[in-house]
Amino acid sequence: MHRHFADAPAPAAAAAAPPAPPVDPVAGLPVLNDDSVLDVDWILLSGFIIILIQLGFAFVHVGSVRYRNAQSVVIKLILGIVLTVIIYWIFGYAFSFGYDEGYKFLGGNKLAAVRWEANNSFNDYSNYVLRVGGALIAAAILAEGAAERMTFIAWSILVTAYSGFIHPALVHWIFAQGWIATLGFKDFAGAGVINYAAALAALITTIIIKPRQQRFDLNANVNFTPHSPVYVAFGALVIFPAWLFFVVGSVAAGENAPYVQGITALNTLIAGATGGLFSFIIRYFRDEQTSLVALSKGVIAGLVAVSAQANDIEGWTAFIYGLFAAIIYNVLAAAIPKYHVDDPIEVVAVHLGPGFLGIFLTGLFDKKAGLFYSKGISLLGFQLLGLLIITAWVSFFVLLILLGLKGFGILRVSGDHEARGIDKVQCLGEAIVFAEQQGSPLEVKVVQNQVSPQRSAGIFDPARSNFR
């Protein structure tokens, strides 16, 4: 086994290392002193950059759907951002990191920033910025199950409930030393709490909404392939570096833990790169063609998987996480459509499968309690139990909400609106128009929303589009 600097004994003449800062039992973050105020700054900086992951998700979402619904998926994403920021401030953060009176189930105070602390021992404000970034990632993943079919009002209700209650409960149970964490479950940066849980909610959503019109009609002459693989690649290029802050930002001790901070960043990079490389290779040998989408989403799948335990594994283990994430991504991407599950943005292949994989592999490769380190099978059992609990919690409440919305008839857009395109009917026109040019190939024109209805109608004339 490799020996690292952090594992080696200190020289005899060296001064004793300062003790690790104590951990706040409720917030799950170290209690900082005057000499380590930069740790709070690190948390705040990480939170800022984590929010930029939303730009990456916007590119992935737009590139994965049909062009005529590109604007609607971005509206859902931004609606999710603004609603999550507000509801997490009012309720979510309190449920996540408020005091639970020892029950370890749900926080009960700190609603709407009341009784938040900002001193040398703890800073709720910086912690909120970091944690709302995780909630925003969960909301963006959930939005992938609503693409091209769900109404804006139904989406707003679903994401508000998820960000304000369903997600915060999971955060408290695991990131704030709640009851699942005390059992022994481990999830360092949200492979299960954020990615698996939100992807499960998205899968339930896409099943309840049902497939897009003619999606699995063998006689239909409709193209459902992603309209812009380049946008998907742009998204992966934004998500890759920003995800480093999402994972490494969870090393709350910051400069007080330089080894953990460094090895976490290294493992995240290795897993993401490995996931992209092997996903690209697998798709090439399967189809005998290169796939920019497989390369890009393979990177994200690797990042998702290693988020479970990037701080306490070896570099070669991170390579294994990325390799298996690439395999899981390609297997699920091919298998899900065969069961007539309409997953336009591949949330199951990119987030659900790799999230499950990361939690499972932690039970094997965790250096302190993993099975492959001769520590027994207990951790693996706790990992599977934790996933079962997350599955039950998310499934119950998401199904309850979706069936209620369906009962009121507001869950899915009308068949006419779906056939014509949500952008054209509900968003003042399509954001992207394909126009036939004389003597040249089809040219893509990005068109801004027009001020006057007359001008808009002229630009978005169906006769000018060859793809529907």
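Taking the condition in a helix (DSSP H, G or I), open to solvent by less than 10 Å² (accessible area, probe 1.4 Å) and within 22 Å of Leu385 (Cβ to Cβ), does Gly358 pass? Before the answer, list the steps.
Values: in a helix (DSSP H, G or I): yes; open to solvent by less than 10 Å² (accessible area, probe 1.4 Å): yes; within 22 Å of Leu385 (Cβ to Cβ): yes.
Taking the combined requirement at face value, the residue satisfies it.
From the list Gln309, Gln289, which one is part of a loop (DSSP other than H, G, I, E, B) and open to solvent by 50 Å² or more (accessible area, probe 1.4 Å)? Lay out the reasoning, then the answer.
On the way: Gln309 fails: open to solvent by 50 Å² or more (accessible area, probe 1.4 Å).
Of the residues listed, the single one that is part of a loop (DSSP other than H, G, I, E, B) and open to solvent by 50 Å² or more (accessible area, probe 1.4 Å) is Gln289.
From the list Leu55, Leu45, Leu79, Leu83, which one is over 30 Å from Leu411 (Cα atoms) and assigned to a helix (DSSP H, G or I)?
On the way: Leu55 fails: over 30 Å from Leu411 (Cα atoms); Leu79 fails: over 30 Å from Leu411 (Cα atoms); Leu83 fails: over 30 Å from Leu411 (Cα atoms).
That would be Leu45, the only listed residue that is over 30 Å from Leu411 (Cα atoms) and assigned to a helix (DSSP H, G or I).
Considering only the range 316-352, state which residues are touching a residue at least 60 places away in the same chain (Cβ under 8 Å) and either over 23 Å from Gly63 (Cβ atoms) or not aliphatic (A, V, I, L, M) (or both).
Passing the criteria: Pro337, His340, Asp342, Asp343, Pro344, Glu346, His351.
Among the residues of the range 319-334 satisfying the criterion of being under 12 Å from Ala271 (Cβ atoms), of a type in the set (A, V, I, L, M, F, W, C) and within 19 Å of the chain's Cα centre (by Cα), which is surrounded by the fewest Cβ atoms within 10 Å (Cβ to Cβ)? So that I can check it myself, show each step before the final result.
Taking the range 319-334 as the starting set, the residues that turn out to be under 12 Å from Ala271 (Cβ atoms) are 319-326.
Adding the requirement that they be of a type in the set (A, V, I, L, M, F, W, C) leaves 319-320, 323-326.
Next, from what is left, pick out any that are within 19 Å of the chain's Cα centre (by Cα): 324-326.
Numbers: Phe324: 23, Ala325: 34, Ala326: 30.
This residue is Phe324.
Yes/no per residue for (1) modelled with pLDDT of 95 or more; (2) surrounded by fewer than 23 Cβ atoms within 10 Å (Cβ to Cβ):
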{"position": "Leu55", "(1), (2)": "yes, yes"}
{"position": "Ala58", "(1), (2)": "yes, yes"}
{"position": "Ser72", "(1), (2)": "no, no"}
{"position": "Val82", "(1), (2)": "yes, yes"}
{"position": "Ile86", "(1), (2)": "yes, yes"}
{"position": "Gly92", "(1), (2)": "yes, no"}
{"position": "Glu101", "(1), (2)": "no, yes"}
{"position": "Gly108", "(1), (2)": "no, yes"}
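Just to be sure before I move on: is Val230 in contact (Cβ under 8 Å) with a residue 40 or more places away in the chain and open to solvent by 10 Å² or more (accessible area, probe 1.4 Å) in the structure I sent? Break it down into steps so the answer makes sense when it comes.
Numbers: in contact (Cβ under 8 Å) with a residue 40 or more places away in the chain: yes; open to solvent by 10 Å² or more (accessible area, probe 1.4 Å): yes.
Considered against the rule, which asks whether it is in contact (Cβ under 8 Å) with a residue 40 or more places away in the chain and open to solvent by 10 Å² or more (accessible area, probe 1.4 Å), Val230 comes out as yes.
Going residue by residue through the range 262-281, is there one that turns out to be part of a loop (DSSP other than H, G, I, E, B) and either open to solvent by 10 Å² or more (accessible area, probe 1.4 Å) or in contact (Cβ under 8 Å) with a residue 40 or more places away in the chain (or both)? Give the steps one after another, and end with the answer.
Going residue by residue through the range 262-281, those that are part of a loop (DSSP other than H, G, I, E, B) are none.
No, the conditions are met nowhere in the range 262-281.
Are any residues in the range 146-173 more than 25 Å from Glu418 (Cβ to Cβ) and either at pLDDT below 95 or not aliphatic (A, V, I, L, M) (or both), and if so, which ones? Can you show your working first?
If we filter the range 146-173 for residues that are more than 25 Å from Glu418 (Cβ to Cβ), which is where we start, we get 163-173.
Matches in the range 146-173: Ser163, Gly164, Phe165, His167, Pro168, His172, Trp173.
Restricting to the range 120-154, count the residues that are in a helix (DSSP H, G or I) and within 17 Å of the chain's Cα centre (by Cα). Working first, answer last.
Narrowing the range 120-154 to residues in a helix (DSSP H, G or I): 124-143, 152-154.
Retained after the next criterion (residues that are within 17 Å of the chain's Cα centre (by Cα)): 129-143.
Here the count works out to 15.
Give the residues of the range 166-218 that are at negative phi, open to solvent by 10 Å² or more (accessible area, probe 1.4 Å) and among the polar types (S, T, N, Q), sorted by residue number.
Thr182, Gln213
Please go through the range 58-76 and give me each residue that is hydrophobic (A, V, I, L, M, F, W, C) and in a helix (DSSP H, G or I), ordered by number. Don't jump to the end; show me each part of the working.
Initial filter on the range 58-76 (hydrophobic (A, V, I, L, M, F, W, C)): 58-60, 62, 65, 70, 73-75.
Listed by number, the residues that qualify are Ala58, Phe59, Val60, Val62, Ala70, Val73, Val74, Ile75.
Out of Ile320, Ile300, Ile336, Ile328, I need the residue that is in a helix (DSSP H, G or I) and within 19 Å of Phe245 (Cβ to Cβ). Which one?
That would be Ile300, the only listed residue that is in a helix (DSSP H, G or I) and within 19 Å of Phe245 (Cβ to Cβ).
Looking only at the range 248-261, filter to residues that are open to solvent by less than 60 Å² (accessible area, probe 1.4 Å) and assigned to a helix (DSSP H, G or I); which one of those is nearest to Ala326 (Cα to Cα)? Can you show your working first?
Step one: list which residues in the range 248-261 are open to solvent by less than 60 Å² (accessible area, probe 1.4 Å), which gives 248-254, 257, 260-261.
Right, trim to assigned to a helix (DSSP H, G or I) and you get 248, 254, 260-261.
Numbers: Val248: 22, Gly254: 30, Val260: 26, Gln261: 25 Å.
By that ranking, first place goes to Val248.
The values are calculated or read from the model by the stated rules, or taken from the named source; none is laboratory data. In this text the structure is predicted, and so the values were computed from the model without any measurement. All Cβ positions, glycine included, derive from the backbone under ideal geometry; neighbour counts span all protein chains shown. Heads up: the accessible areas ignore ligands, DNA and RNA and are worked out on the full protein's heavy atoms, side chains in. Shrake-Rupley method; radii C 1.70, N 1.55, O 1.52, S 1.80 Å.
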